Structure formats: structure tokens, C-alpha cells
1. Based on Cβ point charges of +1 for Lys and Arg and -1 for Asp and Glu, what charge dipole magnitude is obtained for region 300-403 about its Cα centre, in debye rounded to the nearest 20?
2. Among all the aspartates and glutamates, which ones have a C-alpha under 14 Å from LYS229's C-alpha, if same-chain residues fewer than 8 places away are not counted?
3. Run the dipole for region 104-217 about the Cα centre, Lys and Arg Cβ at +1, Asp and Glu Cβ at -1, nothing else charged, and hand back the magnitude in debye, nearest 20.
4. Straight-line reach from LYS121: which lysines fall under 29 Å, measuring Cα to Cα and dropping same-chain residues less than 8 apart?
5. What helices does the chain have that are whole DSSP H segments, at least 18 Å long along their own axis by Cα, and with mean Kyte-Doolittle hydropathy of 0.5 or more?
6. Go through (1) 40.6; (2) 20.4; (3) 28.6 and flag the label whose value is the computed mean projected area of the Cα convex hull in nm² for this structure.
7. For region 275-287, in order, what is each residue's ³J(HN,Hα) by Karplus, 6.51 cos²θ - 1.76 cosθ + 1.60 with θ = phi - 60°, in whole Hz (x at glycine and Pro)?
8. Remind me, relative contact order of region 145-297 in percent, using alpha carbon pairs under 8 angstrom and six or more residues apart?
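The values are calculated or read from the model by the stated rules, or taken from the named source; none is laboratory data. Treat the numbers as computed from the prediction; the structure is a model and nothing was measured. Neighbour counts are summed over all protein chains in view; Cβ atoms, including those assigned to glycine, are modelled from backbone coordinates with ideal geometry. Side chains included, ligands, DNA and RNA excluded: accessible areas come from the protein's heavy atoms. Shrake-Rupley method; radii C 1.70, N 1.55, O 1.52, S 1.80 Å.
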Amino acid sequence: MGARLLAVIVAAASAAAALTGCQAGGGDNANPKVLTYWASQQSPSLDRDKQILEPELRRFTERTGIKVELEVIPFTDLLKRILTATTSGKGPDLVNLGNTWTPSLQATGALLEWDGAMMAKIGGADRFEKVALKTTSAEGTTPVAVPLYTKVFQLYYNKKLFSEAGVSRPPATWAELVDAGKQLTRDTTGDGKPDQWGLGLRGQAYTTALHYAYILGSARGARYFTGGKPAFDSAEAVSGIEQYLSWMGKDRIVNPSDAENADWADVYEAFSKDRVAMMLVQTLGQTLKDYGLSEDRYGVAPVPAVTPGGKDVASFLGGTNVAIFKNTDNLDGATELVRFLTSVGEQTVLNTAYGTIPPVKDAGDAAFQTDEAKVARQTMADRAIPLPRVAQEAQFETLLGNAVTSWLAATATGKQPSAEQIRSELASLSQRVASGG
């Protein structure tokens, strides 16, 4: 999402305010037996999502007598569909949101607020992990969504390659990651060029680039908005970006061709074929099995810390929230469906199926005992933070992410930018966002 889409959101906010201003207290119950639900695509295919959701929604119907008309929408289309609904006033009763979108969509005024009374209807806010609740609104405001599925970044490592290189354990600090990466970057064919690399990157995706920059900068203390104003060019933010670029640049633990990787599939394929020893990616669940890897072939560890034993930032909290449109004509039914989806039983079923982590504290402890799940839940509890909870988050993510992507492309050609070049452009981007440009 860039400046153009941010302008659409602002326009949607004005239009939605006119449409929903008279409904500040929420929707009504004019159509109590039917709900429409836009679910986000969480699986590799829409059909797979339907296979997961439809049996669960039938159980809801059997319990309540309320029919749920389900539509699963790809994330690539979902935001535009939501914005169209906010401006037209014609949308579903419930919708899934990428949790980083929530502050921007909150500005439209089209989503129902989850105040204390509403939260009490689904068991109270204390049921949810604190960091997950932070993704449900702009800072200092009432939530407009409820956490549904969560993901965090983790370190996945190839046990075979670690053993062959004599690396005894996964790196616990960023310095150890570079050291291990150098040992794991090898010429196995004897042609004088590495064909095995320490770390794999999805270099062409601006969202991923932003995520790394945000994690590495925040771990050093960077704050990207202060008092609501953009401040992207701090020394800590610059240092985090330098570190990311250096993995491919001066450290040489990433294949320069990774700057062209547009999809995670490129990285997963290299990892499964023993061409990459480590990946820093969000919770994968079933994904590596789909690439033919059994759990004995790889390990999962926390994202490294800046200092030994450090408890700094390891991940932003990714995931999906569920919201109710303010103009719903089945408010009680929509609330009941959110209660159902966030119940312990459904959280266990759905997060297990999607390979995500429940944001509900007591959901499925017995079902989430793999190393991957344990690391993810601990990371979420201790070392995860939300992306900036401001209306400009979408613009921040796009502008900064695209800048980091372009710097990585330059690094791949041997032209890693200097700290001063990075700082200067970040200062310019801060001014651009501040001016609404």
C-alpha cells in the first residue's frame, strides 16, 4: 500500500463517516438468521480454506440456527474489497483484516468498536495475548477488531548442512548468525564459486524488506514515529538496515541472486535442496512438509538477539484479525460468531490447520507442542511488537520497504549504500509522509 492507496483510505474515511455516523452505537438485528463473512485466504488455495472453514461454520449454524454465507478472498484483493464496502455501505457482517491494516481501516469509521462491554461478550480482553490486542487499533484508541490468527518470525536451520560445516547449534545473536553463515557458505563443487549459502532472502518483496528493517532497527531502539510524527532516519534505524544489507554485501553470506527472489517459494526451494542453510521467516506450519522436508531435517530457533541473552525485539506480530462492520443487520449473530471463532476449541482447530499460532492464551496447549510452536508462542509472549499503530502505517510500510529493496538490489551489484546515503533518503521519506505526500 502506497501513497495512492493511503489517499483512497482517507477518502473512504470521509465517505464512511457520512454513512455510519448515525450508527455510532453499532448495527441492528433486522436480519437475525443470516450472516455474511469475508474470510481471508490463509491456505495455498481458496478451496483449501473452504474445506477448513465450512465444516466449522456448519457447527456454528447447528448451535445457533444462524446461516453463514462464506466468501474466502485472497489477501491481494481483500483490502480493496473492504475499502469499496466502507465507501458504499454495502459489505459483509464480518471481515478478516491483515492486522497491520487495522489502524488505517479504523480511520474509515466503518468498523464496530470493541469496547469493554463488547469484549465481555466474548469472554473479555484478558483472554488474548497483550501484543495481539495491540494490533486491533491505533495507539490509545478503542479496538475495532479481535485477534484471530498470529505469526512471528523464527530461525529455521538445515540440520544436515550445520553438521557438515561443524556448526554445533543455531546462532543466538546476530554476530553468531554472521559467523555461522560464513562457515555455511561453501563451494561444494570446486569451481571456485559458492553454491551453498548461509542465509536465504526474499529480496524483491518490499513487505519482507520492511519487516527485516523494522525488526533489526527496533531491536536497537529505533522508534519510527514519535508523537505521531515520522522519524525514520534515527541512527538505530540506519544501523538495522545496514545490518540487513551487509548479509549480502560485506558479510557475503547471502547469494546476490536472492535480490531477485519475488516469492518465499524461491527460498523454501533452496532450503529444501540444501542450497541454503538458514531462513528467517514467519511461522510455516505445513509448508516445509509440502517441500518434502520432515521435521528431523530442520530445526527451529528464536530469531537472534543483539546481545548474548538479550530479550530485545525478535519479530513484529503478523497475523489476521476479525472485525464487524458497523452497519451489520445482525449484530448479535456477528458477535456470537466472533465468540465462536475465538473459542478455545475453534482456535485450536483453525490455527492448527493454518499453521498459525493462537492469540488466545489458553488455546490448544496440547496441540502446539512442536519446537516450532513453542518457539513461536514464546516469541509472541516476550519478544514481538506490532508495526507502528498509526494511520500512516500503510505508507510507511510501502515507502520504506521499497527503499530497502532498491538498496539490496544495489548491494547485489557490489554497490552497498553508505550509512549517510541511507540516512539521507530516510530523512526525505520522513518528510514525505509527514506532508501527506
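1. 260 debye
2. Qualifying aspartates and glutamates at Cα under 14 Å: GLU139, GLU393.
3. Values: 12 positive and 11 negative charges, 46 e Å.
With only Lys, Arg, Asp and Glu charged at Cβ, the dipole is about 220 debye.
4. Cα-Cα hits under 29 Å: LYS33, LYS50, LYS67, LYS90, LYS130, LYS134, LYS151, LYS326, LYS361.
5. Qualifying helices, which must be both long enough and hydrophobic enough, are 3-20, 206-219.
6. Identified label for the calculated read-out: (2).
7. 9, 9, 8, 9, 9, 10, 9, 6, 2, 9, x, 6, 3
8. Relative contact order here is 33 percent.
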